[in-house]
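Working notes, beginning with the structure itself.
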């Protein structure tokens with residue numbers, strides 16, 4: 001079941017186009033632990049990791065990401081400072097992810113999650129400062145900065161999702177499509 005969600009919702013991350021994707025899945029708590037472990041055993045050696053960011057009964061928010069890509073993003077001085085100023089523990093990737101998980105559990109959603117999804121910092125800051133209003137363009141996220149760059153990424157994401165969904169419908173296993 002999780003394989004279908006990953007192929008359809010996290011395709012840009014599986015393909016290496018985007019550092020992370022979020023999706024919701026409904027499974028009992030034991031099943032989510034087993035599915036997460038099973039998918040990590042398939043994907044970890046290909047540079048993709050899956051964690052549960054938040055759970056409530058049978059509903060789970062899953063974060064699929066590429067640790068190396070995320071580490072590269074978090075090493076950017078502006079992004080590092082931005083997250084540190086928002087209370088994130090930036091001592092290690094694990095501690096930063098723990099900070100994200102705690103914020104997600106406490107607040108339900110952390111607007112800076114866009115950083116973890118590979119959105120440009122200007123767009124994340126613009127969203128927070130404008131409370132989601134006054135954006136220049138919208139697609140996979142609301143754009144406050146470089147519109148042409150964002151639109152180009154939106155098209156890559158759309159194309160990637162379509163291709164991976166088609167592969168899934170053909171019965172191609174996830175292990176055969178992860179870059």
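The values are calculated or read from the model by the stated rules, or taken from the named source; none is laboratory data. Worth saying up front: this structure is predicted, and the values here are computed from it rather than measured. Backbone-built Cβ (ideal geometry, glycine too); neighbour counts: all protein chains shown.
Output yes when any residue across the range 47-62 is within 18 Å of the chain's Cα centre (by Cα), more than 21 Å from residue 110 (Cα to Cα) and surrounded by 13 or more Cβ atoms within 10 Å (Cβ to Cβ), and no when none is. Yes: one or more hits. Scan the range 38-69 for residues that are in contact (Cβ under 8 Å) with a residue 40 or more places away in the chain, part of a helix (DSSP H, G or I), farther than 16 Å from residue 8 by Cβ and out of contact with any helix residue (DSSP H, G or I) (no Cβ under 6 Å at 6 or more places or on another chain) and the total you get is 2.
Provide a single number: the residues in the range 30-46 that are surrounded by 12 or more Cβ atoms within 10 Å (Cβ to Cβ) and farther than 17 Å from residue 63 by Cβ.
Step one: list which residues in the range 30-46 are surrounded by 12 or more Cβ atoms within 10 Å (Cβ to Cβ), which gives 31-36, 38-40, 42-44, 46.
Subsequent filtering for residues that are farther than 17 Å from residue 63 by Cβ retains 31, 34.
Number of matching residues: 2.
So, of the residues in the range 1-37 that are assigned to a loop (DSSP other than H, G, I, E, B) and free of Cβ contacts under 8 Å to residues at least 60 places away in the same chain, which turns out to be nearest to residue 115 (Cα to Cα)? Within the range 1-37, the match that is nearest to residue 115 (Cα to Cα) is 10. Within the span defined as the range 146-157, one or more residues are more than 20 Å from residue 74 (Cα to Cα) and in contact (Cβ under 8 Å) with a residue 60 or more places away in the chain.
The helices (runs of 4 or more DSSP H) found entirely in the range 78-179 that carry 3 or more residues being modelled with pLDDT of 95 or more and under 21 Å from residue 7 (Cβ atoms) are 147-169. Could we say that residue 110 is surrounded by 13 or more Cβ atoms within 10 Å (Cβ to Cβ), in contact with a strand residue (DSSP E or B) (Cβ under 7 Å, 6 or more places away or on another chain) and without any contact (Cβ under 8 Å) to a residue 40 or more places away in the chain here? No, not satisfied.
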